[in-house]
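Scroll down for the structure; my scribbles are underneath it.
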C-alpha cells in the first residue's frame, strides 16, 4: 500500500510538472495553410481582383474617397448589408465575397514605429493594407534584411474595403469622430483594434521569401510606369535624388518649391497634422520629436528635375512619423543620390491632374526601417548641420518661429506657436 501511495504521489507530481511546463512554455501557435481555408469552405481570390470589386461598385477609386460626408465616404462591405448599414449612403455590399479569402506575403513592419496599426500584404498581383492593432511585428513576421516574410490569410466575409484619399484598405466598419481641431472626420473603415477579434479574420501562415513578384524595381528609366495598380505595394527606388524645395540646403541655397494643389510645399519639413490647415516648417530631421511633441516629417526625393507639382511623375515624399524610433535622425543632404525601399502610396482625392489648378496630391513612401533609406554616411547631415539649418531658416525669414529657442509650443486647437 505504501509503495502504491508513493507511485501515485510520483504520478501526480509528474502530471503537475507537465501542466506547469505546458503553461510556462505554451505550444507554438498554429500556422495556417491553403487546406485550412478550404476546410472552412473558402475560395481564394487575388488581391488585385478584390481591389477591382471596389472599382466595379463605385466606377473608380478616383473621386470616391473625399470623405466629406457619408455619401462621399465609400465603403464596400464583403457580404450582405445589414438593415442598419443601408443607412450609409456611400456603402455597398458585395455578396460574392461571402465565401472568399485572400492570401499575401507580409511586406511591412511596425517594429521601428513608423507604420502604425497597419499590415501590408502582397500576393504578386497587388498589395493591400490591413487595418489592425499595434505591435503587429510580434504576430506577423518580416525581415527585410534577408527578405524572409510570412504568408497571411484573410477571411473577407464581414470585413470592409474602404477608400481614403485613393488608398484602399481592409478593416472594420466605418467610423467617425472629431479631430484635434474639432472638425468632423469620416472614415471609410476602422481598425480591428482588438487582437482577439482580428484573429478571427486574419491568420498567420508559413514563412516564405519575398521574390521579384513582391518588390517593384523603379529607377530613372521606368518611374513613369508607376500607377494606381502599384499603390500599397513594396517598391525599391534605386538611384533617386534628394531634393530640398523651398528651404535652404547645406550650402544655404534655396531650390524652387513644388506646388501641392494651390499651395507650395517645402521640403524637408515637419508638419502639424490633424489641427486644421496643414502647416509646414523647415526641419532637417526625419520627423519632429522634442519634449513629447511628435510631428510628421517629409523628405522629398525625385527623378524629375523639371517637376512643378508634387503630383508630377517621379516625385515622392518619404513620410515619417514622430513616433518612429528614427524620428530625430538627420536627413540626407540636398542632391544626395541613394536607394529607398518602402510602401508606395498616395494622398489625393483624384487621379486626373490637368491644368494649373491641380487637386492636392502627393505620392508618399512609408519605410519600415531606417535601413531602408539607403544613402552613404557622408551624404547625411550631421546633427550640428541639421540644427544650424533649422535655426538659419528661422533667422532669415523662412519660418515664423524658432524651433529651438524658445521651444515650439503646440496648441492642438490652433496649430503651433513660438514662445515670446
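The values are calculated or read from the model by the stated rules, or taken from the named source; none is laboratory data. Keep in mind that this is a model prediction, so the values were computed, not measured. Note: ideal-geometry Cβ built from the backbone for every residue, glycine included; neighbour counts use all protein chains shown.
Brief remarks on what is shown
- Those strands (runs of 3 or more DSSP E) lying entirely in the stretch 125-181 with at least 2 residues free of Cβ contacts under 8 Å to residues at least 24 places away in the same chain: 175-178
- Residue satisfying condition, being out of contact with any helix residue (DSSP H, G or I) (no Cβ under 8 Å at 6 or more places or on another chain) and more than 16 Å from residue 342 (Cβ to Cβ), within set 140, 116: 140
- Filter result (buried (at least 19 other Cβ atoms within 10 Å of the Cβ) and not in a loop (DSSP other than H, G, I, E, B)) within the stretch 93-113: 94, 97, 100, 101, 102, 103, 104, 105, 106
- Which listed residue, of 314, 342, is surrounded by 22 or more Cβ atoms within 10 Å (Cβ to Cβ), touching a helix residue (DSSP H, G or I) at 6+ places or on another chain (Cβ under 8 Å) and not assigned by TED's automatic domain parsing to the domain that holds residue 142: 342
- Test: residue in the stretch 275-283 that is more than 18 Å from residue 113 (Cβ to Cβ) and modelled with pLDDT of 95 or more: no
Quick grid of which residues meet (1) within 27 Å of residue 261 (Cβ to Cβ); (2) part of a loop (DSSP other than H, G, I, E, B); (3) modelled with pLDDT of 70 or more:
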| residue | (1), (2), (3) |
| --- | --- |
| 338 | no, no, yes |
| 344 | yes, no, yes |
| 350 | yes, yes, yes |
| 353 | yes, yes, no |
| 384 | no, no, yes |
| 387 | no, no, yes |
| 399 | yes, yes, yes |
| 406 | no, yes, no |
| 416 | yes, no, no |
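- Residue match in the stretch 206-229 (condition: assigned to a loop (DSSP other than H, G, I, E, B), under 22 Å from residue 153 (Cα atoms), at pLDDT 95 or above and in contact with a helix residue (DSSP H, G or I) (Cβ under 9 Å, 6 or more places away or on another chain)): no
For (1) farther than 26 Å from residue 171 by Cα; (2) in contact (Cβ under 8 Å) with a residue 40 or more places away in the chain; (3) out of contact with any strand residue (DSSP E or B) (no Cβ under 9 Å at 6 or more places or on another chain); (4) assigned by TED's automatic domain parsing to the domain that holds residue 346, each residue gets a yes or a no:
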residue: 227; (1), (2), (3), (4): no, no, yes, yes
residue: 235; (1), (2), (3), (4): no, yes, no, yes
residue: 239; (1), (2), (3), (4): yes, yes, no, yes
residue: 280; (1), (2), (3), (4): yes, no, no, yes
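- Candidate set: the stretch 237-261, residues that are under 19 Å from residue 346 (Cβ atoms) and in contact with a helix residue (DSSP H, G or I) (Cβ under 9 Å, 6 or more places away or on another chain); chosen: the one surrounded by the most Cβ atoms within 10 Å (Cβ to Cβ): 237
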